[in-house]
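Data first, discussion second: the structure below is written as structure tokens.
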Amino acid sequence: MARCKVTLQVNGKSMELDVKPSETLLETLRDRLELTGAKEGCGLGACGSCTVLLNGLPTRSCIALTAELDGAEVTTIEGLADGTELDPLQKSFMEKGAVQCGFCTPGMVLTAKSLLNRNARPTRQEIIRSMSSNLCRCTGYKKIIEAVEAVSSTESPKK
Amino acid sequence: MIASKLEFKSPKDIEEAVRFYREFQGEAVYLSGGTDLVPRMKLGLEKPKAVIDLKRISPLTTVEDQADWIRIGALARIFDLKQNELIQDFFPALEASLEATSCESLQMRGTIGGNLLQNSRCLFYNQSEFWRRSKGFCLKMGGERCNAVPGAKTCFANYCSDNAPGLSTLSAELECTGPDGVRWLNLEDLYTDKADKPFNLRPGEILTAILVPKKRTAGGYKKLRVRGAIDYPLLGVAFSFVDGTGKLAVGAVGPKPYVVEMKKPPQDTIGEAVKAVLKQVRPVGNTVLDPDYRKRMISVLAAKLVNKVMEGVK
């Protein structure tokens, strides 16, 4: 079984990896790079808890093969803060109480981040449409929507 | 975790992709967005020796405005297509079904060709290997019985493409490229009408483009699902109207979309059209909703949709 050489830019750092063709991006991130922010929920691309940004767009890392991503830029939740300074979205999730068990939170924050990068002033409806890609079993979504809305109405997002 | 050992190939063009397929003597699968294929591999429903990734073949992703056709590359992403002005202007039924497909994140990964070629689904089939083994393999897994309908000798899995009904109402054609070159077929000829092996593709063939007649249509799509987000359709109804003729297509209640032409004013013939569909469909208890309810909802969604679309037609 031939292994695959893949170059990825993970949270701004370029790395060359030698992966099994069957390895998913989530396995690469969690098991190889010890970036355990992305969570495995359903493992079948339905729940969104493994969401990371792939070239800026939210992607279910549990159903993306690392081998198919040569040259891609990956941002995980670990790459969002600027040193010890949390991203405004992360702060907003804390302030609005948008986190309960926290399992879906990394995926939620990254889905919101991608939306705000593409559209700095989304309507409530646009926020709901984007965020409905991710399932949360605790919060009932209201606080999550509010947390995203609070950031979108106060400042332009950082790249 | 994907249990099977794989080779991964990333061809630069179609010819190379087909060559790789031959190299693995047919035991390879083509990968586009992977939103159907990768979960299938994880569940052990698909155990290929090689995955041939088509994503680096850039001509497959373009949408072209040709004289009489709009040519949609099979690897165009759902998310990009629903924002395409040509699709919005000419094919509202398709635009609506693209919007209703899964959720935004999966639309960004999933492709139109992959959506059309997604395998049929059943509550007793899309399960882990452990689960399926304990129940005993069904017809679709190579076993001898149906686990959804005891005693049945036919597979009842549902073809759950959201976009197939819409494209059926638009009389779409498909361009396929394989070891024997290029061929074109009507979308309706893609389907075998057998849920365990739903597609008429030849070994090694790649769906390269979807061709839709360039006519400005009126239309729409209605979808029955439990959650407003992510879910596969439990029933999908599409309708398009052009040149005085309507077409109604019903999906997710069998192994293919069921299409009915409506020549008289569509608002007056909804009952007739639904009756023609009901004669063919056979929903059974293999989804999370009651089959009788899904069947009854065909006329409800069809009436709502056709009346709404025709209101907008001058």
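Structural remarks
- Residue check: A:G83 meets all listed conditions (1) surrounded by 16 or more Cβ atoms within 10 Å (Cβ to Cβ); (2) over 13 Å from the mean Cα position of the chain (by Cα); (3) of a type in the set (G, A, S); (4) more than 12 Å from every other protein chain (Cβ to nearest Cβ) but one, namely (1).
- Within this structure, B:R71 passes the test of being farther than 28 Å from A:R30 by Cβ, part of a strand (DSSP E or B) and basic (K, R).
Every residue, every condition in (1) of a type in the set (S, T, Y); (2) farther than 14 Å from B:D36 by Cα; (3) crowded, with 24+ Cβ neighbours inside 10 Å, yes or no:
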| position | (1), (2), (3) |
| --- | --- |
| B:Q88 | no, yes, no |
| B:S97 | yes, yes, yes |
| B:A100 | no, yes, no |
| B:T111 | yes, no, yes |
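- The listed residues are B:V237, B:V259, and the only one of them that is surrounded by fewer than 24 Cβ atoms within 10 Å (Cβ to Cβ) and in contact (Cβ under 8 Å) with a residue 12 or more places away in the chain turns out to be B:V259.
- Near pairs, Cβ below 8 angstrom, 6+ apart or cross-chain, from the range B:90-111 (closer than 12 Å to B:K223 by Cα and facing chain A (nearest Cβ under 10 Å)) to any residue that is outside any helix (DSSP H, G or I) and among the aromatic types (F, W, Y): B:S102/B:Y232
- Matching residues in the range A:24-40 - criterion: being touching a residue at least 12 places away in the same chain (Cβ under 8 Å) and either in contact with a Lys or Arg (Cβ under 8 Å, 6 or more places away or on another chain) or of a type outside the set (D, E) (or both): A:T24, A:L25, A:L26, A:T28, A:L29, A:R32, A:L33, A:L35, A:G37, A:A38, A:K39, A:E40
- Condition check for A:Q90: at pLDDT 95 or above and out of contact with any Leu (no Cβ under 8 Å at 6 or more places or on another chain): no
- Flag for B:V250 being closer than 17 Å to B:E188 by Cβ, touching a Phe, Trp or Tyr at 6+ places or on another chain (Cβ under 7 Å) and part of a helix (DSSP H, G or I): no
- Meets criteria (touching a residue at least 60 places away in the same chain (Cβ under 8 Å) and crowded, with 21+ Cβ neighbours inside 10 Å) for B:L31: no
Yes or no, residue by residue, for (1) of a type in the set (F, W, Y); (2) over 19 Å from the mean Cα position of the chain (by Cα); (3) assigned to a helix (DSSP H, G or I); (4) surrounded by 16 or more Cβ atoms within 10 Å (Cβ to Cβ):
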position: B:D268; (1), (2), (3), (4): no, yes, yes, no
position: B:A273; (1), (2), (3), (4): no, yes, yes, yes
position: B:K279; (1), (2), (3), (4): no, yes, yes, no
position: B:P283; (1), (2), (3), (4): no, no, no, yes
position: B:N286; (1), (2), (3), (4): no, no, no, yes
position: B:L305; (1), (2), (3), (4): no, yes, yes, yes
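- From the list B:E46, B:E64, the one residue that fits, being within 14 Å of chain A (Cβ to nearest Cβ), touching a strand residue (DSSP E or B) at 6+ places or on another chain (Cβ under 8 Å) and not in a helix (DSSP H, G or I), is B:E46.
- Being free of Cβ contacts under 8 Å to residues at least 60 places away in the same chain, crowded, with 21+ Cβ neighbours inside 10 Å and assigned to a loop (DSSP other than H, G, I, E, B) is a property that A:G102 lacks.
- Selection from the range A:41-73 of residues that are touching a residue at least 40 places away in the same chain (Cβ under 8 Å), touching a Leu at 6+ places or on another chain (Cβ under 9 Å), within 14 Å of another protein chain (Cβ to nearest Cβ) and part of a strand (DSSP E or B): A:T51, A:V52, A:L53, A:P58, A:L65
- Hits in the range A:115-131 (condition: within 17 Å of A:A98 (Cβ to Cβ) and either within 10 Å of chain B (Cβ to nearest Cβ) or in a helix (DSSP H, G or I) (or both)): A:L115, A:L116, A:R124, A:I127, A:I128, A:S130, A:M131
- Among the candidates A:A46, A:A98, A:A38, the residue that is modelled with pLDDT of 95 or more, among the small types (G, A, S) and in contact with a Cys (Cβ under 6 Å, 6 or more places away or on another chain) is uniquely A:A38.
- Residue in the range B:184-196 that is surrounded by fewer than 20 Cβ atoms within 10 Å (Cβ to Cβ), in a loop (DSSP other than H, G, I, E, B), of a type outside the set (A, V, I, L, M) and at positive phi present: yes
- B:D196 meets the conditions (1) under 15 Å from the mean Cα position of the chain (by Cα); (2) within 24 Å of B:P265 (Cβ to Cβ) in every case but one. The failed one is (2).
- Condition met for B:V51 (within 18 Å of the chain's Cα centre (by Cα) and either assigned to a loop (DSSP other than H, G, I, E, B) or within 14 Å of another protein chain (Cβ to nearest Cβ) (or both)): no
- The range B:1-22 - residue that is surrounded by 21 or more Cβ atoms within 10 Å (Cβ to Cβ) and in a helix (DSSP H, G or I) and, of those, nearest to the other protein chains (Cβ to nearest Cβ): B:A17
- Filter pass, A:T28 being within 21 Å of B:A3 (Cβ to Cβ) and more than 12 Å from every other protein chain (Cβ to nearest Cβ): yes
The values are calculated or read from the model by the stated rules, or taken from the named source; none is laboratory data. Keep in mind that what you see is a predicted model, and the values were worked out from it rather than measured. No Cβ is skipped: glycine too gets one built from the backbone with ideal geometry, and neighbour counts run over all protein chains shown.
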